[in-house]
1. Would you check if there is a residue in segment A:23-34 being on the phi < 0 side of the Ramachandran plot, more than 14 Å from every other protein chain (Cβ to nearest Cβ) and hydroxyl-bearing (Ser, Thr, Tyr)?
2. Output yes when any residue across segment A:106-113 is closer than 26 Å to A:Asn237 by Cα, charged (D, E, K, R), open to solvent by 10 Å² or more (accessible area, probe 1.4 Å) and outside any helix (DSSP H, G or I), and no when none is.
3. Just checking, does segment A:274-285 include any residue being β-branched (Val, Ile, Thr) and more than 14 Å from every other protein chain (Cβ to nearest Cβ)?
4. Evaluate the following for B:Phe365: is it within 26 Å of B:Leu165 (Cβ to Cβ), of a type in the set (Phe, Trp, Tyr), assigned by TED's automatic domain parsing to the domain that holds B:Ser177 and open to solvent by less than 60 Å² (accessible area, probe 1.4 Å)?
5. Which of the residues belonging to segment A:137-152 are more than 23 Å from A:Asn233 (Cα to Cα) and not hydrophobic (A, V, I, L, M, F, W, C)?
6. Among the residues of segment A:184-227 satisfying the criterion of being in contact with an Asp or Glu (Cβ under 6 Å, 6 or more places away or on another chain) and more than 13 Å from chain B (Cβ to nearest Cβ), which is surrounded by the most Cβ atoms within 10 Å (Cβ to Cβ)?
Amino acid sequence: MIVIKIGSRSFHIYELLLLGGCITLFIYLVLPYRFASHYDYIPDDDIERMLLPQVTPNVTHQQGFDCSYEELIIGSRFVYDAHFRERLLHSEQIQPGGEYQPEHCRARYSTAIIVPYRQREEQLHAFLTYMHNYLRQQLIHYRIFLVEQYDRKPFNRATLFNIGAQVAAEYDFPCLILHDVDLMPLNSGQIYACTERPRHMCSALDQWRFHLPYRGLFGGVVAINTAQFQMINGMSNLYHGWGGEDDDLYERLSSHGYDICRFPPAYSEYTMLKHKPEVPNANRNALLHAAALRFDTDGLNSLVFTEVERRLHSLFTHILVET
Amino acid sequence: MPNNVAATGTKRNNVSRATTTALCCCEYIAHDNERFHILGCCCNCEDFDLVCTRLITCRRIEQRNIDGMLIAFQDRLRIPWHGGAKRVSPAALAPGLIVPLMLGLAALNANTAMVLMLTLVGFTIWGLRLAERTATRTTFFLSWLIFSLLYMIIIFEFEVPLLELLPEENCILVLISAASLYCFFRTKQLAPQNFVTAQYGTTPRDELPGIAEASSGEEQAEQQEHEAATAHISLQMDNVLNIDDDDLGGAGGSEGASLMHSQPNICEICRKCTPTRSSHCAVCGSCIKRYSHHSFWLNCCIGELNYRWYLLGLTTAELALLLGANLTLTAVCHPFLVVRFLGVPFLLPDDCSEVFEDFELGISFAVAGYALLMASYIGFDLMRQLYAWRRGNTLHEFKRTTLPSRNRLWSNRRTFFK
């Protein structure tokens with residue numbers, strides 16, 4: 001019999017082991033690292049102040065008074081309803097190439113929305129219908145660039161973003177939004193414009209119970225200034241297949257000293273359309289491990305592609321590429 | 001090896017050793033008073049050897065040997081425990097296999113899950129009815145409860161995508177579950193104190209001469225058995241003569257007698273004076289103070305001292321199950337936002353059509369469904385208990401006063417249709 005005396009009371013070794021086991025189990029059960037994380041965000045009142053007013057030259061030369069965004073941000077509400085989803089309203093307002101700028105006032109923000117794409121017709125249809133309805137109520141100047149991978153190689157999301165960024169730079173867009181085709185914003189207050197710091201926009205995704213799995217997540221929908229994107233040499237071109245490229249982007253930003261920011265959860269709600277899970281890239285962890293060595297050599301400056309076609313559709317600028 | 005020594009030594013030595021030296025956690029005293037080690041469970045069973053030999057050689061097997069073999073099997077099914085290995089009944093082990101098998105099958109597809117859940121409901125109702133009718137003291141339901149809880153925790157911790165849950169949500173769930181477990185633990189711990197002990201009251205010996213005095217021991221009771229039996233019969237005769245005993249069964253008899261004679265309660269089965277509102281529990285074999293009911297799930301009686309703990313345990317268990325099911329379902333299904341309260345979103349599952357495509361999601365979904373089933377059962381029980389409690393009754397009194405009048409036709413259906 002092993003009996004241990006603590007103070008005046010004596011305990012049997014089995015009792016102590018049981019107690020220790022229970023306490024360890026309890027601590028393990030409540031350890032926070034296995035769960036979603038809280039994150040810092042810009043308070044509601046500061047949102048408008050944090051947005052960078054920057055436009056393309058063709059907007060600058062326009063006459064008229066500036067659009068007001070205060071009401072939009074303060075009066076943020078749920079807008080993902082049938083009215084916006086089912087039908088494209090006032091399609092005559094949209095210029096060829098999927099470009100729009102408000103007619104009654106001068107937009108303060110110009111944004112290129114870059115959407116990598118391959119073989120998801122249904123989602124693209126839903127995306128374009130909703131996004132054009134959604135973005136026009138924000139009174140910004142925007143253009144949707146759809147970059148489609150034409151070849152049969154595994155989907156290379158990062159390279160398509162690099163190509164999209166290069167094309168958007170040709171059109172003088174100062175702000176890029178790297179957007180997945182299956183994500184759609186739910187709140188009207190998530191202004192599609194850039195902040196000084198790169199911004200992770202879909203931090204409250206319904207698929208993840210409106211929580212953020214980890215703070216370093218920087219994928220899905222991301223707003224970044226064109227100059228910053230060029231400064232970090234874009235994204236890595238080596239990630240074929242699903243996963244890893246967004247973490248690589250985050251690494252690049254942190255190595256250049258860029259901190260990311262987010263809007264409050266009530267502004268950052270997104271919905272994810274249903275789709276079959278992509279084939280994960282088995283090599284992604286190895287690539288990510290050595291990411292820091294490739295920052296200067298792999299990215300916009302090592303971009304190789306052939307543009308098969310560029311066409312201005314009524315709702316988007318279609319860039320068909322072979323990587 | 002101590003068991004080797006025990007096996008080779010004489011029987012007398014063994015017994016003396018068993019009584020003098022303490023057992024290690026893997027040793028026990030077998031049914032033939034020999035000291036045995038748990039690792040030797042497959043050795044040294046003569047009846048089993050004999051049965052096997054005769055089975056192979058096609059000779060007649062005697063019933064005595066089969067019984068001996070079964071007794072040895074039951075005796076050797078033990079788990080290591082501090083102070084000697086403890087015997088576990090097969091009924092207590094069965095849920096450990098049935099529950100995971102059931103949950104695993106339910107994770108395969110929606111139809112299997114539906115059929116299994118319905119079977120489970122039917123099986124549980126049948127089992128409880130059977131246990132109630134035969135007044136069996138069984139650990140099966142308690143074991144079922146413990147294993148269900150264990151597998152629920154395991155599935156929640158390892159299969160549900162936890163990265164989608166906030167640490168606070170998990171903390172609340174863990175705390176409520178722990179509170180519920182503690183309440184049920186206290187309920188069970190306090191249950192023996194509900195027994196009406198021998199020290200209670202005095203018997204009016206002159207009026208009811210046959211009934212043993214409450215403070216008497218068992219031996220005295222045995223001596224007076226004959227007298228008691230006659231008193232028992234006379235009391236029952238009284239009941240038959242004076243009360244229109246339509247639905248008050250044997251358990252209600254003692255109250256009936258006390259009401260009639262305006263005497264202290266007397267339990268004929270225990271042959272004791274009992275406090276008012278106490279009743280005899282056929283399963284526990286004792287009178288229970290302020291008897292509410294016998295809980296087969298906890299394998300103990302709910303009475304004066306533990307009914308508060310029991311109610312608190314039911315409430316917290318209900319909350320924990322609902323919260324756990326909500327967290328699991330919203331994590332594996334596509335959720336929608338009901339309201340964002342103080343920055344915390346409250347979600348409900350929206351579209352669960354894809355959960356069965358993946359086994360991990362499927363089993364999480366099955367466990368959540370199982371939790372909801374349990375929650376609805378507990379909810380029903382809780383409502384009944386709270387309603388009775390509000391009226392100041394115990395469940396036992398509540399049933400006795402309301403059910404016979406309400407269900408007269410139903411309970412008399414056999415005679416009605418004759």
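1. Our first condition is that a residue be on the phi < 0 side of the Ramachandran plot; within segment A:23-34, this holds for A:23-34.
Now drop any that are not more than 14 Å from every other protein chain (Cβ to nearest Cβ), which leaves none.
No, segment A:23-34 has no match at all.
2. Looking for residues that are closer than 26 Å to A:Asn237 by Cα, charged (D, E, K, R), open to solvent by 10 Å² or more (accessible area, probe 1.4 Å) and outside any helix (DSSP H, G or I), one finds none in segment A:106-113, hence no.
3. The initial filter retains those residues of segment A:274-285 that are β-branched (Val, Ile, Thr), namely A:279.
Next, only the ones that are more than 14 Å from every other protein chain (Cβ to nearest Cβ) stay: A:279.
Yes, because at least one residue in segment A:274-285 is β-branched (Val, Ile, Thr) and more than 14 Å from every other protein chain (Cβ to nearest Cβ).
4. On the way: within 26 Å of B:Leu165 (Cβ to Cβ): yes; of a type in the set (Phe, Trp, Tyr): yes; assigned by TED's automatic domain parsing to the domain that holds B:Ser177: yes; open to solvent by less than 60 Å² (accessible area, probe 1.4 Å): yes.
When the stated conditions are applied, B:Phe365 passes them.
5. We begin by selecting, within segment A:137-152, every residue more than 23 Å from A:Asn233 (Cα to Cα); these are A:137-142, A:150-152.
Those that are more than 23 Å from A:Asn233 (Cα to Cα) and not hydrophobic (A, V, I, L, M, F, W, C): A:Gln137, A:Gln138, A:His141, A:Tyr142, A:Tyr150, A:Asp151, A:Arg152.
6. If we take residues in segment A:184-227 being in contact with an Asp or Glu (Cβ under 6 Å, 6 or more places away or on another chain) and more than 13 Å from chain B (Cβ to nearest Cβ), then A:Phe218 is surrounded by the most Cβ atoms within 10 Å (Cβ to Cβ).
Residues are listed down the side, and each one gets a yes or a no for (1) of a type in the set (S, T, N, Q); (2) buried (at least 16 other Cβ atoms within 10 Å of the Cβ):
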residue	(1), (2)
B:Arg64	no, no
B:Ala72	no, yes
B:Leu120	no, yes
B:Thr138	yes, yes
B:Ser143	yes, yes
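So that you can scan it fast, the table gives a plain yes or no per residue for (1) in a helix (DSSP H, G or I); (2) among the hydroxyl-bearing types (Ser, Thr, Tyr); (3) away from chain A (no Cβ under 14 Å):
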position	(1), (2), (3)
B:Glu132	yes, no, yes
B:Thr136	no, yes, yes
B:Phe147	yes, no, yes
B:Phe156	yes, no, no
B:Glu169	yes, no, no
B:Ile172	yes, no, no
B:Ile176	yes, no, no
B:Ala179	yes, no, no
B:Gln189	yes, no, yes
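The values are calculated or read from the model by the stated rules, or taken from the named source; none is laboratory data. Every value quoted in this text rests on a predicted model; they were computed, and no experiment measured them. Reconstructed Cβ throughout: ideal geometry from the backbone, glycine too, with neighbour counts over all protein chains shown. Accessible surface areas use protein heavy atoms only, side chains included; no ligands, DNA or RNA. Shrake-Rupley method; radii C 1.70, N 1.55, O 1.52, S 1.80 Å.
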